[in-house]
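Student: One structure coming up, written as structure tokens, with questions to follow.
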Amino acid sequence: MNSVIEMIEGLGRSVLNALARLGLAGRFFLAILMVIGVPLRRFSLLVRELYFSGVRSLLIIVVSGTFVGMVLAIQGYEVLQRFGSAETLGVLVALSLVRELGPVVTALLFAGRAGSAVTAEIGLMQATDQIAAMDMMAVNPIARIISPRFLASVVSLPLLACMFSAAGVFGAYLVGVKLIGIDDGSFWSQMQAGVDFRLDIVNGLIKSLVFGVAVGLIAVFEGYYAPPTAEGVSSATTRTVVTSSLAVLMLDFVLTVWMFRGLNG
Amino acid sequence: MKKSKFDLAVGLFVAAGILALVFLAMKVGNLTGLETSEGYRVEARFDNIGGLKVRAPVKSAGVVVGRVDSITLDSQTYEAKAILRIDQNYKFSKDTIASILTSGLLGEQYVSLEAGGDSVYLGQGDRISKTQPAMILEKLISQFLFSKASESTGTSK
Amino acid sequence: MPLPAACMDHEMSVVKSAPTHPDPLIEIKDVHFAYDERPILRGLSLSVRKGEVLAVMGGSGSGKTTLLGLIGGRILPNKGKILVDGQNVPKLDRAALYALRTRFGMLFQFGALFTDLSVFDNVAFPYREQTNLPESVIRDLVLLKLQAVGLRGAAGLMPSQLSGGMARRVALARAVALDPMLMLYDEPFTGLDPISTGIVARLIRRLNDAFGLTSLVVTHDLDASLKIADRVIVLAEGQVYRDLTPDDVRTTTDAFVRQFADGLPDGPVPFHYPAPPLLDQLLGKTVAGPNGGGTP
Ligand SMILES: Nc1ncnc2c1ncn2[C@@H]1O[C@H](COP(=O)(O)OP(=O)(O)OP(=O)(O)O)[C@@H](O)[C@H]1O
Ligand SMILES: [Mg+2]
């Protein structure tokens, strides 16, 4: 009996903790938005973060995109040729990339590559009093440190997702057309006939924008509130990757339902 | 503000991202095609649209000339009402026949337009009066069996 | 900003000039502060005169860092007034607090230099953020400040290339960049060898006198603080427990102060964090304890 009550108490506590943390994150988000103009006005702050988040992620994104596209082409061809419609490979690959894999895989890779680095950097700045020192110098650390990193994530992710999808289509082209020998013309024309700019490409962009907000917020939040110890920073870094990945996958589901509902009407 | 060593790399990065987007829009998607040109809308009613979907192509002689804009059911006549958006560059005569066809045996369904000989052209909001519903495989089979059955009963009499 | 850099080049004897202004720069009245349920400060009152160097001592966890946080407005008291230059810090809004803080300089325990900026850029940071000075003027000012702490030659280095003592001195140059009225030092001597300690201690005194500052130095280093301070206070039980001159500290027979001065492990300041009697806990008689105590 006692243990049951204890269990329920434990559950209640963890739910309350999670809610408190969510509330904290919400307030933090608002604080960031209040000063989001700073990195826009002082562009060099944003440029530096774009370099570390975006440019440094470029290689892994392009390489992954190419390989994902190539694998999609092989697997897709294998299935499609059973139904005698191998020329529709282009549509299959392009839609998978632009709608889902581009935004989602890019966000997952980005969380691991750039998000974790941002968390570790901010966590260390916190642990070594750099943030406190800045605050004492009457420079708002949210404006000067946090918001450029957040904004860089929001800007980089859609750009990276586009590059991922483009690289993927290119990879599929290499395998499908150059290797397997699907007709060049029908590969592209089927793709163009099947992929809609607004419905597929713009929706994919919107997805990656939302993921950019989520991953960016989680990364700076975990870093800012990381316990100022080596262990605290390292576990915050791990949490950034885990939480962002979960958030991306769940948001993807919600966005997909919302975007593609009633499409078959 | 002094120039930073990041400027060039970030500039190239953003340019590459935008280039990728342009590539997706132009080469992968169909931004260059019909979606940008305004086009005009015509209405076509079918007894049955089969598996026709919104955004399915509208073709004439195999060339894509437009897309299906919306599909609704007219609750008075119980006909399917499809709005077709057709590219401005293409004109079709009033007596054009719209039929729902399937590309390949199991492929996607599309609307085919066969131009007639009328000198008056369809315009915004006009209605295509001659239509052919989608072929429903089950109906075709049952029609075929029925005709076979009546044939055989006819000869046995 | 007149900069008497020349007077800082030659070795200055550590002479304590008596505070010239008797009026207080900081006045703390009956401040209470608790982390969660645990009271740290209980009715602390303190006044700091303009121009003096005040050493703040006290056992670990006695609330010295907390006190600096309260003065800087980084944490808010549960009760009480903290007047700095006539303004009640806890009641200030963000803009007013930031305006006040531009006149503070704070030296953190390990310097807290921005690790992504060079030594030069670290010292230039306050100028670039708070002033509209042209870059050429900033350059001169930064070099003068670095000269004052003897590290002009290290301007191009990154913080990771500095020793602890050098980092502390760079941080000092950064802290005094905007010619503050008040300097807050949180344990400026920890982890420094005796020579570096001496250098930093002299710098604290020298900067204080040269720029007419007021300085609060939180420290465990009795020797160093006796050399540079005009006054020593000891925090205990959430209050100012003793308020002495350096000479008093050397001669007093007060058991509490002697424990500090002589470095005795146990005395009025207990060695143990509050806990139930050891035997009780080992025998599992108490429930409370670090591991949830003994099982009933
Ligand atoms: N963020 C915090 N949350 C909860 N308790 C804290 C926090 N910071 C400090 N404390 C507690 O407050 C008390 C006073 O801390 P403070 O840092 O002011 O001590 P201190 O006098 O500076 O000690 P030291 O000489 O070791 O630096 C300590 O017992 C500490 O455990
Ligand atoms: Mg401390």
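The values are calculated or read from the model by the stated rules, or taken from the named source; none is laboratory data. Owing to the predicted nature of the structure, the values given are computational and were not obtained by experimental measurement. Note that we place each Cβ from the backbone using ideal geometry, even for glycine, and neighbour counts take in every protein chain shown.
Student: In segment C:173-191, how many residues are more than 16 Å from ligand 2 (Cβ to nearest atom) and under 23 Å from C:GLY58 (Cα atoms)?
Tutor: 2
Student: Moving on. Read through the list (1) over 24 Å from the mean Cα position of the chain (by Cα); (2) part of a helix (DSSP H, G or I), then give the number of the only condition that A:ILE182 fails.
Tutor: Looking at each condition in turn, A:ILE182 falls short on (2).
Student: Has segment A:82-89 got any residue that is buried (at least 21 other Cβ atoms within 10 Å of the Cβ), under 21 Å from B:PHE23 (Cβ atoms) and under 21 Å from the mean Cα position of the chain (by Cα)?
Tutor: So far as segment A:82-89 goes, no, none of its residues is buried (at least 21 other Cβ atoms within 10 Å of the Cβ), under 21 Å from B:PHE23 (Cβ atoms) and under 21 Å from the mean Cα position of the chain (by Cα).
Student: On to the next question. So which pairs qualify, if the first residue must be in segment C:167-186 and more than 11 Å from every other protein chain (Cβ to nearest Cβ), the second must be at pLDDT 90 or above and within 16 Å of ligand 2 (Cβ to nearest atom), the Cβ gap must be under 6 Å, and the two must be at least 6 apart or on different chains?
Tutor: C:LEU172/C:LEU107; C:TYR185/C:LEU107; C:TYR185/C:VAL217
Student: Criterion first (free of Cβ contacts under 8 Å to residues at least 60 places away in the same chain and more than 26 Å from A:GLN190 (Cβ to Cβ)) does B:ASP118 satisfy it?
Tutor: yes
Student: Which residues, taken from segment C:226-240, are under 16 Å from C:SER60 (Cβ atoms) and buried (at least 19 other Cβ atoms within 10 Å of the Cβ)?
Tutor: C:VAL234, C:LEU235, C:GLY238
Student: Just name the residue that is nearest to B:LEU101 (Cα to Cα) out of those in segment B:47-82 that are among the hydroxyl-bearing types (Ser, Thr, Tyr) and touching a residue at least 12 places away in the same chain (Cβ under 8 Å).
Tutor: B:SER60
Student: Another one. Can you confirm whether segment A:80-95 contains a residue that is farther than 21 Å from A:LYS207 by Cα, in contact with a Pro (Cβ under 9 Å, 6 or more places away or on another chain) and within 11 Å of chain B (Cβ to nearest Cβ)?
Tutor: No.
Student: Same structure, new question: When you check A:VAL139 against the structure, is it part of a helix (DSSP H, G or I) and either among the β-branched types (Val, Ile, Thr) or away from chain B (no Cβ under 14 Å) (or both), yes or no?
Tutor: The answer is no for A:VAL139.
Student: Turning to a different aspect of this structure: Which condition from (1) under 16 Å from the mean Cα position of the chain (by Cα); (2) closer than 24 Å to A:ILE36 by Cα; (3) crowded, with 21+ Cβ neighbours inside 10 Å is the one that A:SER165 breaks?
Tutor: So the condition that A:SER165 fails would be (2).
Student: Can you name every one of the helices (runs of 4 or more DSSP H) wholly within segment C:138-231 that holds 1 or more residues which are touching a Gly at 6+ places or on another chain (Cβ under 7 Å), over 22 Å from A:MET134 (Cα atoms) and away from ligand 1 (no atom under 16 Å from the Cβ)?
Tutor: The qualifying helices (runs of 4 or more DSSP H) are C:194-211.
Student: Among C:ARG101, C:ARG74, which is under 21 Å from C:LEU54 (Cα atoms), of a type in the set (Lys, Arg), within 16 Å of ligand 2 (Cβ to nearest atom) and without any contact (Cβ under 8 Å) to a residue 40 or more places away in the chain?
Tutor: Going through C:ARG101, C:ARG74 in turn, just one is under 21 Å from C:LEU54 (Cα atoms), of a type in the set (Lys, Arg), within 16 Å of ligand 2 (Cβ to nearest atom) and without any contact (Cβ under 8 Å) to a residue 40 or more places away in the chain: C:ARG74.
Student: Same structure, new question: Check whether at least one residue in segment C:149-164 is touching a Lys or Arg at 6+ places or on another chain (Cβ under 7 Å) and surrounded by 16 or more Cβ atoms within 10 Å (Cβ to Cβ), and report yes or no.
Tutor: Among the residues of segment C:149-164, at least one is touching a Lys or Arg at 6+ places or on another chain (Cβ under 7 Å) and surrounded by 16 or more Cβ atoms within 10 Å (Cβ to Cβ), which makes the answer yes.
Student: Inside segment A:1-59, can you point out the residues that are of a type outside the set (A, V, I, L, M), in contact (Cβ under 8 Å) with a residue 12 or more places away in the chain and surrounded by 18 or more Cβ atoms within 10 Å (Cβ to Cβ)?
Tutor: Within segment A:1-59, A:PHE28, A:PRO39, A:ARG48, A:GLU49, A:PHE52, A:SER53, A:GLY54, A:SER57 qualify.
Student: Out of everything in segment C:103-122 that is buried (at least 24 other Cβ atoms within 10 Å of the Cβ) and in contact with a Leu (Cβ under 9 Å, 6 or more places away or on another chain), what residue ends up being nearest to the other protein chains (Cβ to nearest Cβ)?
Tutor: The extreme case among them is C:MET106.
Student: Could you please find all residues in segment C:194-235 being among the charged types (D, E, K, R) and more than 16 Å from ligand 2 (Cβ to nearest atom)?
Tutor: C:ARG202, C:ARG205, C:ARG206, C:ASP209, C:ASP223, C:LYS227, C:ASP230, C:ARG231
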